[in-house]
């Protein structure tokens, strides 16, 4: 059974409606956004937007300013950082 995957407060914080996709970048500024699930783990925007791939509830969102070792817990891809050297 799938749960509602995105908390309405998260949608309000990132400025999207109920049927809109969660953004990958903040506006203004273009800073990379990552999402946080109910277990406190980091999730990339791609996984957060696909209920078939990821069905835990998304409860938060934040900007990755400098963590060059932040990886998505679902797909294991690196989550882009705004300022860290790659």
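Structure data summary
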| read-out | value |
| --- | --- |
| Qualifying positions in segment 24-46 - in a loop (DSSP other than H, G, I, E, B) and closer than 16 Å to residue 81 by Cβ | 24, 26, 29, 30, 31, 44 |
| In segment 21-33, the residues that are in contact with a helix residue (DSSP H, G or I) (Cβ under 7 Å, 6 or more places away or on another chain) and in contact (Cβ under 8 Å) with a residue 24 or more places away in the chain | 22, 33 |
| From 21, 77, 2, 56, residue being loosely packed, with under 14 Cβ neighbours inside 10 Å, within 13 Å of the chain's Cα centre (by Cα) and at pLDDT below 90 | 21 |
| Lone unmet requirement of (1) surrounded by 13 or more Cβ atoms within 10 Å (Cβ to Cβ); (2) outside any loop (DSSP other than H, G, I, E, B) for residue 9 | (1) |
| Odd one out for residue 61 among (1) out of contact with any helix residue (DSSP H, G or I) (no Cβ under 6 Å at 6 or more places or on another chain); (2) surrounded by 15 or more Cβ atoms within 10 Å (Cβ to Cβ); (3) within 19 Å of residue 11 (Cβ to Cβ) | (1) |
| For residue 83: the one exception among (1) modelled with pLDDT of 80 or more; (2) surrounded by 12 or more Cβ atoms within 10 Å (Cβ to Cβ) | (2) |
| Count of residues meeting criterion [surrounded by 12 or more Cβ atoms within 10 Å (Cβ to Cβ) and either under 16 Å from residue 79 (Cα atoms) or within 10 Å of the chain's Cα centre (by Cα) (or both)] in segment 27-49 | 16 |
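The values are calculated or read from the model by the stated rules, or taken from the named source; none is laboratory data. Because the structure is predicted, anything quoted here is derived from the model rather than measured. We place every Cβ from the backbone using ideal geometry, glycine too, and count neighbours over all the protein chains shown.
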